[in-house]
Amino acid sequence: MSSAPAPESTLPYPPLHKDKNFVVLSDWDGTITNYDSNDYLTDNLGFGKDKRREGNVEILSGRVTFRDAFREMLESVANNGHTFDECKDVLKKNIKLDPGFKDFYQYCKAHDIPVIIVSSGMAPLIRAVLSALIGDDEAQEIEIISNDVDVKPDGSWAIKYRHPTSGFGHDKSQAILPYRQLANPPTLFFFGDGVSDMSAARHADLLFVKVKPDSDNDLAAYCRRERIPHVEFGDFAHALGVVREVVEGRAGVAQVLARGKAE
């Protein structure tokens, strides 16, 4: 647990789920989806993959902050003349769900487990893609804690950070830590895959780290380096098996962390 003061948030938070036994918090880009949407925009409409990867390496090394590198990524898209609406359309056509997420979400819904998206992306893009993938009604049931966007009358746009004074831009730990202060906190599952999830990695009861073939897998590298206990998973179908074990009382958190993989 961090003793540092919480960064001031420019955006509201949804109420805590104080009466639940379990809560799922998950990164969106590259975790619930098959590809990080901001990476997709940068690689195809911005300054390209090579420069983006250089930025991620700098973040992992601690030489630059995620906030600053991520802003540069998005500015490269906007500065190339791509409007925010164009970005929405591109992502709706090209970003897909993790193949196991729908079943995972339905299991959580059936067992009264809130699923909350905790993202360093921008809420309007997430809502647009989520609605296109699972339908408006289902999408509206899922809470999103993320950054936002400022769109100017001339069509130019820029990210609006939730925590502009934090080096993360959005310090995801702040979606987790308030649950720790409850008299009877729920068991917290967190799912992530990349550098934007580093701020949350130490704070969930059970951290799931997505590992994909031919991908950067930056969160896995960070957790291994920092010796942060976690369970690696390939998709939500595998993760569901582990979550069911914990929810249904067939395995404890320590037991599944000791395994290290969801298979």
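Data overview
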quantity	calculated
FRET efficiency estimate (nearest 0.05) - Cβ-Cβ, GLU245 to LYS93, R0 35 angstrom	0.40
If the convex hull is drawn through the Cα atoms of region 100-206, its volume per residue in Å³	134
Net length gained if the chain between ALA132 and GLU263 were fully extended (0.36 nm per residue, minus Cα distance)	44.2 nm
Residue order, fewest to most beta carbons within 10 Å, for ARG202, ARG67, ARG225	ARG225, ARG202, ARG67
Vicinal HN-Hα couplings computed from phi for region 224-234 (Karplus, 6.51 cos²θ - 1.76 cosθ + 1.60; Hz; Gly/Pro x)	5, 5, 8, 6, 8, x, 7, 10, 8, 9, x
Nonlocal amide H pairs with ILE116, under 5 Å, H built at 1.01 Å	VAL24, LEU25, SER26
Proximal lysines relative to LYS20, as straight alpha-carbon distance under 30 Å, when same-chain residues fewer than 8 apart are discounted	LYS96, LYS102, LYS109, LYS172, LYS210, LYS261
Within the chain, percent of DSSP bridges classed antiparallel, to nearest 5	20
Highest-fluctuation residue, PRO15, PRO186, PRO99 considered, GNM on the chain with Cα pairs under 10 Å	PRO15
Distance-filtered residues of region 126-154 - backbone nitrogen under 12 Å, label point 7 angstrom along LYS160 Cα→Cβ	147-152
Inter-site label distance for ASP150 and THR83 at 7 Å from Cα along Cβ, in nm	2.1
C-alpha long axis of helix 101-110 to longest principal axis of the chain, angle in °	50
Range of Cα positions in region 158-257 per principal axis (Å), largest first	45, 42, 25
With Cα atoms, 0 to 90° folded angle of helix 49-61 axis to the chain main axis	50
Exposure proxy order (Cβ contacts within 10 Å, fewest to most) of ASP39, ASP103	ASP103, ASP39
Sorted by Cβ density within 10 Å, fewest first, the residues ASP197, ASP89	ASP89, ASP197
Total charge dipole magnitude, region 1-125, about the Cα centre, Cβ charges on Lys, Arg, Asp, Glu only, Debye to nearest 20	220
Inter-centroid distance (Cα atoms) of region 40-112 relative to region 128-152, Å	14
Per-residue [θ]222 nm for the chain (sum of -39500 (n - 2.57) over DSSP H runs n ≥ 4, rounded to 500)	-11500 deg cm²/dmol
By average C-beta atoms within 10 angstrom, highest first, the peptides 120-131, 252-263	120-131, 252-263
Helix 123-134 axis, angle to the chain major axis (alpha carbon atoms, nearest 10°)	60
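Every read-out reported here was derived from the displayed coordinates using simple, explicitly stated rules and does not represent laboratory data. Only a predicted model underlies this, so the values are computations on that prediction, with no experimental measurement involved. Glycine also receives a Cβ, built like all others from the backbone with ideal geometry; neighbour counts cover every protein chain displayed.
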